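Asker: Before I ask anything, here is the structure I am working with.
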Amino acid sequence: MLNAFVPLLLDSLANAALIFFAAVGLTLVFSVLKILNVAHGSLYSIGGYLAASMCLFIASHHLDPHLSFVALLFSAVLVAVVLGPLIEFSLIRWISGKSEAIQILVTFGLFLILEDLQRIIFGVQSYYEDTPMRLLGTTTLGDVVYLNYQLLLIGMALAVVIGLRFLLRSTRLGRLMTAVVADREMALAIGINTDRIFLIAFSLGVFLAALGGALSTPTSGIAPGLGADTMVLAFAVAAIGGLGQIEGAALASLIVGAARVIAIYVAPELDAVAPYAVMLIVLLIRPYGLLGTVNIRKV
Amino acid sequence: MSSPAILRASDLHVSFAGVKAADGVNIEVNSGEFVAVIGPNGSGKTTLLNICTGYVKPQSGSVQLDGRDITGLSPRAIARLGVARAFQIPQLFSDQRVIDNVMLALAARHGIWDGFRPLDTPARREQARELLALIGLADNAERVSSTLPEGHRKLLDIAIALALRPRLLLLDEPTSGVSALERFPLMEAVMGAVRQRGITALFVEHDMDVVARYADRVFVWNNGKIMASGTPTDVFNHAEVLKSVVGVA
Amino acid sequence: MRYKLAALALFALAALPVAVPWLQFVLTIAIAKGFAALGVAVLLRAGLISIGHAMFFAASAYGVAFLSRAGINDLGAMLLLAVLFAALMGLLVGAFLVRYRAIFFAMLNLAISMVFYALCAKLYGITGGTDGMGISIPTIFGMTPAESTFKSILFYLALALMVIVGLALQLYLDSPLGRALSAVHTNEIRLEYLGVSVWSVLLIAYMISAALAGLGGVIAGFAVGRVVPDFAFWTASGHLVLIAVLGGIGGVAGAFIGAVFLELLHSMAVTVTDAWNLIVGVALIVVIMFLPSGFYGLLKRQKAPSL
């Protein structure tokens, strides 16, 4: 029995970890900037494409394979540092405070732009470079073989949860962010540079998404359409957990990760439907998500 | 013996965040009366209206309309039973013209479904004009309602409520935000319309002159309880009321 | 004067394929998308943006394919049944969806349409997977026309429907139910206090918008001769949104004008580049930046006032 359960558990948790990376950035940006970025999923896939490209480059030039780990992290940082401010300055700042309709339409337009750009730059074939996963190898407990990479994913997701908690509660930046979340006007009134906070929060969200995308490539590769799939999944998870709630996103990721894995074992064609079935059920009972409040004020 | 009470609130209890907004409130309004509720600012008078119109559910107690229990019904259901509400901050369809606001309310009275007939029919327009004339907004019929001055916005808000042809009209501080000069003309127009149509009215009010002039009976609300009730003369001569509500030592 | 202009435009549209035959297909598709964009525009009146409406477009096209398999081949019957199917789907989806507003509404529409797409693409045994299903020439009053004849009949039928359905829709938008839509956007609470069920008003609008998209899907399905999962893909929904936003100022006619414009643009752009989605995305942002503030007041509107 244990032989069946533990791999299932690990699969669920690893799945949940990747989903969490996608969702937490979305929910963080919503919490601080009060904007739901419809293009968020594209940042996940751009991170993935960049990471896969770098890993392929490393492999084809016979460089030290361990560099691929660096590549994963580096691509996420690159995306965050370049696209974060670029998007924030050009579009997000402009739509902040405007009507929700404008926010939806502009970020949706951005979504179309980013998805096509990816297709133009990276092409339509799928990329697959599993060096990081192979390098970490496997562990054998009893007669079951586990991928250490999965443990890495879970570990990193946990690190993000703890890191964000620490950031928001114990650092100056975090407390400034919390203030902006709680009452933007008051924060402005007492002299907090809200523009800077928005920029940092948005870039952090981009980083987390891109990191998720990068980390996902060694396991499942990357192909066109990942951006869109990730977007709706991230939204579903964020909605289940309550928009703006980081702990909610973590909880929701666990639930959705488990649901997906169960679906794969039970009815494989329907594994895409599982997260949305969960979302439907949760929203019917609690329209604002598990930990959501009507005035989403907490981070 | 059946009483002519059109609205009866019995033993209402409601708390928000640990504060008792209503603590055993009893109020009845008889058919054809104009009843005022007065009390200090922030004492929760609007909560009474919110409960009577279904926006807030009391923790205990009941509200009855013509003897029928309406506690817990939605604002929509209560509106359909003939109770219309006007708001402290005028709730308009502000991008529409004055006459459009009224026509929409007139159509809503019949359940908004009118087949493929347009909203703007000669018959409905005529009805709307009548109502606007009654309340003194006829000259502004074609103005976009967001461009109206505050007093006229209040009148329109009340006109929308009147378009429902209610039995009972609940007014939340009809003269608040209205300049002292405009107060009486506004009340004259509203009360004229209300009297003409035989509507019963319950209004929350701040201006004692308005209350003295128009109310048949007054309930004094203080700290979530009804402190006193009676005719305006009785109530304004009541020592406690004078001290805590009217502010005379 | 306006009517003369409209009649002239209509005549020009009808005569165009006679002069330039290859335009007939493009214009048929344009009208089909115009219907779907009109559906999006109806919801836009209530301040709701559906970025997943292509699923109704696809659903009715699949409906036509299934009807044909089931032995129903009469054009009239297929049209009616497929549109009803889309409306029914709109009822089921809308009953849940119209409880939501703004971004939630938009994203839920997107999510459901993506699930629909995924199911169409994966269930190879039922839907033919990514290959899709063929749609053969239907019978009209018992006779099966030749393909080129049928395509012409389809075009003129689409034109006729555009006028008839367009007029009917205008009646709806001018009726209390239709006017209540923008009232929902401005002051939903007041509407409830007037005894109006906002949920019902929105659900009816959603069903109508789904039926419109469905009508477009039937026409497109017949014009292409095939339905594929891509009909439901989110980028297709995006194109519909752009048309709705472009044509929005022009009401019912605006949606079709926008659709024709965009489809012509598309057929020209495709010869030079394949970055059509990029262009649509940029166009969407640019149009919003420069749109006059009067567009249904939608883009200028702030949150509804509180009590």
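Asker: Can you find even one residue in segment C:150-165 that is of a type in the set (A, V, I, L, M, F, W, C), in contact with a Pro (Cβ under 7 Å, 6 or more places away or on another chain), in a helix (DSSP H, G or I) and crowded, with 21+ Cβ neighbours inside 10 Å?
Answerer: yes
Asker: Take residue C:204 and tell me if it is surrounded by fewer than 24 Cβ atoms within 10 Å (Cβ to Cβ) and touching a residue at least 40 places away in the same chain (Cβ under 8 Å).
Answerer: For residue C:204, the condition - surrounded by fewer than 24 Cβ atoms within 10 Å (Cβ to Cβ) and touching a residue at least 40 places away in the same chain (Cβ under 8 Å) - is not met.
Asker: Still on this structure: For the subset of segment A:61-115 comprising residues that are among the β-branched types (Val, Ile, Thr) and away from chain C (no Cβ under 14 Å), which member is farthest from residue C:280 (Cα to Cα)?
Answerer: If we take residues in segment A:61-115 being among the β-branched types (Val, Ile, Thr) and away from chain C (no Cβ under 14 Å), then A:70 is farthest from residue C:280 (Cα to Cα).
Asker: Sticking with this one: Scan C:218, C:227 and give me the residue that is surrounded by 24 or more Cβ atoms within 10 Å (Cβ to Cβ), among the β-branched types (Val, Ile, Thr) and in contact with a strand residue (DSSP E or B) (Cβ under 9 Å, 6 or more places away or on another chain).
Answerer: Residue meeting the stated conditions: C:227.
Asker: Does residue C:167 meet the test of being within 12 Å of chain B (Cβ to nearest Cβ), at pLDDT below 95 and in contact with a Phe, Trp or Tyr (Cβ under 7 Å, 6 or more places away or on another chain)?
Answerer: no
Asker: Under 8 Å between Cβ atoms, which residue pairs at least 6 apart in sequence (or on different chains) link something in segment A:120-138 that is outside any loop (DSSP other than H, G, I, E, B) with a partner that is crowded, with 19+ Cβ neighbours inside 10 Å and aromatic (Phe, Trp, Tyr)?
Answerer: Filtered contacts from segment A:120-138: A:121/A:49; A:122/A:49; A:127/A:49; A:132/A:149; A:133/A:149; A:136/A:149.
Asker: Something else about it: I'm trying to understand the selection: among the residues of segment A:131-145, which are surrounded by fewer than 16 Cβ atoms within 10 Å (Cβ to Cβ) and not basic (Lys, Arg)?
Answerer: Listed by number, the residues that qualify are A:135, A:137, A:138, A:139, A:140, A:141, A:142, A:143, A:144, A:145.
Asker: Another question about this same structure. So is residue A:223 in contact with a strand residue (DSSP E or B) (Cβ under 9 Å, 6 or more places away or on another chain) and in contact (Cβ under 8 Å) with a residue 12 or more places away in the chain or not?
Answerer: Yes, satisfied.
Asker: Just to be sure I understand, how many residues within segment C:145-164 are free of Cβ contacts under 8 Å to residues at least 60 places away in the same chain and either of a type in the set (D, E, K, R) or within 14 Å of chain B (Cβ to nearest Cβ) (or both)?
Answerer: Counting residues in segment C:145-164 that are free of Cβ contacts under 8 Å to residues at least 60 places away in the same chain and either of a type in the set (D, E, K, R) or within 14 Å of chain B (Cβ to nearest Cβ) (or both) gives 2.
Asker: Sticking with this structure for a sec: If you scan segment C:111-144, which residues turn out to be free of Cβ contacts under 8 Å to residues at least 12 places away in the same chain, surrounded by 17 or more Cβ atoms within 10 Å (Cβ to Cβ) and over 18 Å from residue A:225 (Cα atoms)?
Answerer: Correct list: C:128 only.
Asker: Here's another thing I want to ask about it. Do we find a residue being within 14 Å of the chain's Cα centre (by Cα), more than 19 Å from residue A:290 (Cα to Cα) and within 11 Å of another protein chain (Cβ to nearest Cβ) anywhere in segment A:255-271?
Answerer: no
Asker: Could you list all residues from segment B:110-125 that are of a type outside the set (Asp, Glu) and more than 19 Å from residue B:162 (Cα to Cα)?
Answerer: Result: B:113, B:115, B:116, B:117, B:118, B:121, B:122.
Asker: Looking only at helices (runs of 4 or more DSSP H) that fall completely inside segment B:73-170, which ones have 3 or more residues that are within 11 Å of chain C (Cβ to nearest Cβ)?
Answerer: In segment B:73-170, the matching helices (runs of 4 or more DSSP H) lie at B:75-80, B:98-109, B:150-163.
Asker: Would you check which residues across segment A:71-117 are assigned to a helix (DSSP H, G or I) and basic (Lys, Arg) and list them?
Answerer: Within segment A:71-117, A:93 is the sole residue that qualifies.
Asker: Check every one of the helices (runs of 4 or more DSSP H) wholly within segment A:181-299 and list those with 3 or more residues that are farther than 29 Å from residue A:79 by Cα.
Answerer: A:184-189, A:246-266, A:274-285
Asker: A further question on this structure: Restricting attention to segment A:116-130, which residues are charged (D, E, K, R), more than 7 Å from chain C (Cβ to nearest Cβ) and under 20 Å from residue C:235 (Cβ atoms)?
Answerer: Scanning segment A:116-130 gives a single hit, A:119.
Asker: Hey, another quick one. Sort out which residues of segment A:215-251 are over 27 Å from residue A:168 (Cα atoms) and buried (at least 24 other Cβ atoms within 10 Å of the Cβ), and write them in order of number.
Answerer: Once the filter is applied, which keeps residues that are over 27 Å from residue A:168 (Cα atoms) and buried (at least 24 other Cβ atoms within 10 Å of the Cβ), segment A:215-251 yields A:217, A:218, A:222, A:226, A:227.
Asker: Does residue A:204 satisfy the condition of being more than 14 Å from chain C (Cβ to nearest Cβ) and of a type in the set (A, V, I, L, M)?
Answerer: yes
Asker: Please determine whether any residue of segment A:29-39 is of a type in the set (Gly, Ala, Ser) and outside any helix (DSSP H, G or I).
Answerer: The answer is yes, given that some residue of segment A:29-39 is of a type in the set (Gly, Ala, Ser) and outside any helix (DSSP H, G or I).
Asker: State yes or no: is residue B:44 more than 25 Å from residue B:105 (Cβ to Cβ), surrounded by 19 or more Cβ atoms within 10 Å (Cβ to Cβ) and touching a residue at least 40 places away in the same chain (Cβ under 8 Å)?
Answerer: yes
Asker: Please go through segment B:212-240 and pick out each residue that is out of contact with any helix residue (DSSP H, G or I) (no Cβ under 6 Å at 6 or more places or on another chain) and among the hydrophobic types (A, V, I, L, M, F, W, C).
Answerer: B:219, B:226, B:227, B:236, B:239
Asker: Now for a different question. Scan segment C:181-198 and report the pairs whose first residue is facing another protein chain (nearest Cβ under 7 Å) and at positive phi and whose second residue is part of a loop (DSSP other than H, G, I, E, B) and of a type outside the set (Gly, Ala, Ser), with Cβ atoms within less than 9 Å and a gap of 6+ or a chain change.
Answerer: Going by the 9 Å Cβ cut-off, the qualifying pairs are C:195/B:81; C:195/B:112; C:195/B:164.
Asker: Quick check on my filter: what residues within segment C:1-33 are among the hydroxyl-bearing types (Ser, Thr, Tyr) and more than 20 Å from the chain's Cα centre (by Cα)?
Answerer: C:3
Asker: Something else: Pairs needed: first member in segment B:91-115, more than 18 Å from residue C:188 (Cβ to Cβ); second member anywhere, of a type in the set (Val, Ile, Thr) and assigned to a loop (DSSP other than H, G, I, E, B); C-beta distance under 9 Å; at least 6 residues apart or different chains.
Answerer: B:103/B:121; B:114/B:121
Asker: Pull out all pairs, ordered by first then second residue, where Cβ-Cβ is under 6 Å, the residues are six or more apart or on different chains, the first lies in segment C:264-289 and is more than 14 Å from chain A (Cβ to nearest Cβ), and the second is surrounded by 14 or more Cβ atoms within 10 Å (Cβ to Cβ).
Answerer: Close Cβ pairs (under 6 Å, with a partner that is surrounded by 14 or more Cβ atoms within 10 Å (Cβ to Cβ)) amount to C:267/C:26.
The values are calculated or read from the model by the stated rules, or taken from the named source; none is laboratory data. Given the structure is predicted, the values throughout are model-derived calculations rather than measurements. No Cβ is skipped: glycine too gets one built from the backbone with ideal geometry, and neighbour counts run over all protein chains shown.
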